[in-house]
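Engineer: Got a structure for you, written out below as structure tokens; questions coming shortly.
The values are calculated or read from the model by the stated rules, or taken from the named source; none is laboratory data. Note that the structure is a prediction, hence the values are computed from the model and not measured. Note: ideal-geometry Cβ built from the backbone for every residue, glycine included; neighbour counts use all protein chains shown. We work out accessible area using only protein heavy atoms, side chains counted, and drop any ligands, DNA or RNA first. Shrake-Rupley method; radii C 1.70, N 1.55, O 1.52, S 1.80 Å.
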Amino acid sequence: NIKSVIKDVKKSRERRLRNLDTRSKIKTFVKKTKAAMDEQSDQVTALLSETVSIVDKAAKRGIIHPNAAARRKSRLMKRANLKAAASE
């Protein structure tokens, strides 16, 4: 019933929702990017850069670990490069 504790709980709930939203956004964009790669779409580079940006921002804000961000980006880039090499 302490006023500061009530405020802290409210803030932590807001942060949790924001973090969940960002994590969901990361997953959505990774799926979109992979789908665009499989379809050989022209939007791959735009989606890839947007996905990398979202992942970097999440790591910067502490929503995901920096190494996890690096791993996700690395796997996406590796996949994109393989698809690009295969199409040539």
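Engineer: Scanning the stretch 19-42 for residues that are of a type outside the set (Gly, Ala, Ser) and more than 19 Å from residue 72 (Cβ to Cβ), which turns out modelled with the highest pLDDT? Lay out the reasoning, then the answer.
Structural biologist: Narrowing the stretch 19-42 to residues of a type outside the set (Gly, Ala, Ser): 19-23, 25-34, 37-40, 42.
Restricting the remaining residues to those that are more than 19 Å from residue 72 (Cβ to Cβ) gives 39-40, 42.
Numbers: 39: 85, 40: 80, 42: 81.
Per the stated criteria, the residue is 39.
Yes/no per residue for (1) open to solvent by 50 Å² or more (accessible area, probe 1.4 Å); (2) out of contact with any Phe, Trp or Tyr (no Cβ under 8 Å at 6 or more places or on another chain); (3) within 17 Å of residue 24 (Cα to Cα); (4) in a helix (DSSP H, G or I):
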position: 37; (1), (2), (3), (4): no, yes, no, yes
position: 42; (1), (2), (3), (4): yes, yes, no, no
position: 46; (1), (2), (3), (4): yes, yes, no, yes
position: 50; (1), (2), (3), (4): yes, no, yes, yes
position: 54; (1), (2), (3), (4): no, no, yes, yes
position: 59; (1), (2), (3), (4): no, yes, yes, yes
position: 69; (1), (2), (3), (4): no, yes, yes, yes
position: 73; (1), (2), (3), (4): yes, yes, yes, yes
position: 77; (1), (2), (3), (4): yes, yes, no, yes
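Engineer: Hey, any hits in the stretch 55-62 for a residue that's in contact (Cβ under 8 Å) with a residue 12 or more places away in the chain and closer than 24 Å to residue 85 by Cα?
Structural biologist: The answer is no, given that none of the residues of the stretch 55-62 is in contact (Cβ under 8 Å) with a residue 12 or more places away in the chain and closer than 24 Å to residue 85 by Cα.
Engineer: Okay, next question. Quick check on the stretch 9-27. Is at least one of its residues free of Cβ contacts under 8 Å to residues at least 24 places away in the same chain, over 23 Å from residue 88 (Cα atoms) and touching a helix residue (DSSP H, G or I) at 6+ places or on another chain (Cβ under 9 Å)?
Structural biologist: Looking through the stretch 9-27, none of the residues is free of Cβ contacts under 8 Å to residues at least 24 places away in the same chain, over 23 Å from residue 88 (Cα atoms) and touching a helix residue (DSSP H, G or I) at 6+ places or on another chain (Cβ under 9 Å).
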